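Encoded as C-alpha cells, the structure appears first; notes follow it.
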Amino acid sequence: MMVPAVLLLLGALTAVAGPRLLARADWPDREPVVALWAWQCVVASVLLCCALSMTLSAAGAWQAVRGHVFAPAPSAVVEAYALSTTGPWAAATAVALACGGLWSGAMLAREITRARSRRRRRRVELRLRAPLLPGEVDTTGRLVVLEGERPDAWWMSGATPRLVVTTAALRRLKGRQLDAVLAHEQGHAQARHDWLLNCSAALANGFPQVPVFAAFRDEMHRLVELAADDMASRRFGRLTTALALVELNEDRGVFGPSPAPHAHVPQRVNRLLTPPDRLTAARRLRLTAAAALVPVIPVLVTLVPGLRALG
C-alpha cells in the first residue's frame, strides 16, 4: 500500500518544484496565457495527488469504500494494490485529506459569495448614481459614466455587463485610450479571469501555510492583467494601452518611490513600451502540452499497479 504515500510525495515535490521552475523561466511574462495554463496545471496536479491518495487510503481503510472504488476490477488488480496490508494511518490520512477537500470547497464558496455580494453592492450603487432615464433600455456592453474626481474604470459583470468610467477618467483618456480600457476589461470578462482569482484566493486563504497556493494567487493577479493588456494592445496598440494605464493610475502614486500597493502597474507600462519577443507558435504548443502532462503523472502513478497486474 505504497501508492498513497508516493502520491503525497509527488504532490509535495510538484508544489515545491513547479513554482520554482516557473519563477526561473524567462517566458511567463512573454506568454502570460501559457503561464496561466501552466500554473493551473501545477496546482491541479497537487490537488489531484491529494484526491487520489485520499481515495486509495479510504479504500484501504474501509471495505465499503473499496467495494465502490474497485467494483468493476478483477481480483488481481485489487491484490496488486495490497489494500489488506494497510496500517492505522490509512484511515487517518483519508480523513485528513477529506477534511482538506471540504475546507477548500467551503473557502471557494465563501469567495464566490463575497464576489457576488461585491457585485450586488456595486449594481445597487450604480443604479443610485446613474439611474436609467425614462424610455432608456439597459443594454449589454453600454458605457456608464459616473461623476467622480478620481480617474477609474471597471467592468461590471452580470446579466447586462457594461463598462463604468468616471468623469475624471474621461477627461484624462484621449482618443482610442478609452477603447483600449474597454478592450482590457472585456478581455478579463471573456477569459473568465474572475473564476481564476476566486479559486486562487480560496486556496491561499484556506491554506495560508502552503507556499504554492500563495504563489498561485499572486501570479494569477499579475498574469491576468498581463493577458488583458495583450488583448487590448493587439487591437489598439501598445503605446495607446500604456498611456491609458498611466492616465488611470498616475494620481494614485504608483509611479513614485514607494508604489507598494500597485507595484505591478509600472512593470506593465514598461512591458508595453518595450515588448519582449513572443515565443514561436511551436514552442508555445510544446509548453502547453508539457504543462498538460503534469496532472497526468498522478493518474499514471495511480494506475501503474493495476496495469502491471493486467499485463
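So what's the net charge close to residue 28: Lys and Arg +1, Asp and Glu -1, counting the other residues with Cβ under 11 Å from its Cβ?
Here the count lands on -1.
I'd like the projected area of region 165-233, averaged over all directions, using the convex hull of its alpha carbons. Report it in nm² with one decimal. Display every interim value, and only then the final one.
On the way: hull surface 21.4 nm².
Average projection, Cα convex hull of region 165-233: 5.3 nm².
Can you give me the P(r) profile for region 40-199? Cα pairs, bins 10 angstrom wide beginning at 0, each as a whole percent.
In whole percents, the pair-distance histogram is 9, 24, 21, 13, 13, 12, 8, 1.
If you bin the C-alpha pair distances of region 1-133 every 5 Å from 0, what whole percents do you get?
That works out to 2, 9, 12, 14, 12, 12, 11, 9, 8, 5, 3, 2, 1, 1, 0, in percent per bin.
Would you list 147, 111, 247 from the most to the least accessible area, probe 1.4 Å?
147, 247, 111
Which percent of the Cα-Cα distances in the chain go past 33 Å? It would help to have the intermediate numbers written out before the result.
Values: 19585 of 48205 pairs.
Tail fraction, whole percent: 41.
Over the Cα atoms of region 119-248, each weighted equally, I'd like the Debye log10 I(q)/I(0) at q = 0.10 Å⁻¹, rounded to two decimals.
-0.39
With all distinct Cα pairs included, what does the Kirkwood hydrodynamic radius of region 166-311 come out to in Å, to one decimal, could you say? Don't jump to the answer; show the numbers that get you there.
On the way: mean 1/r = 0.0551 Å⁻¹.
When all Cα pairs of region 166-311 are included, the Kirkwood radius is 18.1 Å.
Going highest first, how would you order 187-196, 99-108, 218-227 by mean Cβ packing within 10 Å? Numbers along the way, then the final one.
Numbers: 187-196: 16.4, 99-108: 14.3, 218-227: 19.7.
Listed from highest to lowest mean packing, they are 218-227, 187-196, 99-108.
Can you bin every Cα-Cα distance in region 41-106 into 5 Å intervals starting at zero and give me the percent of pairs per bin, rounded to whole numbers?
Calculated over all Cα pairs of region 41-106, the distribution is 4, 18, 23, 24, 16, 11, 4, 0 percent.
The values are calculated or read from the model by the stated rules, or taken from the named source; none is laboratory data. As the structure is a computational prediction, the values presented were derived from the model and not from experiment. For neighbour counting, all protein chains shown are included, and Cβ atoms are generated from backbone atoms with ideal geometry for every residue, glycine included. The accessibility values were calculated without ligands, DNA or RNA, using every heavy atom of the protein model including side chains. Shrake-Rupley method; radii C 1.70, N 1.55, O 1.52, S 1.80 Å.
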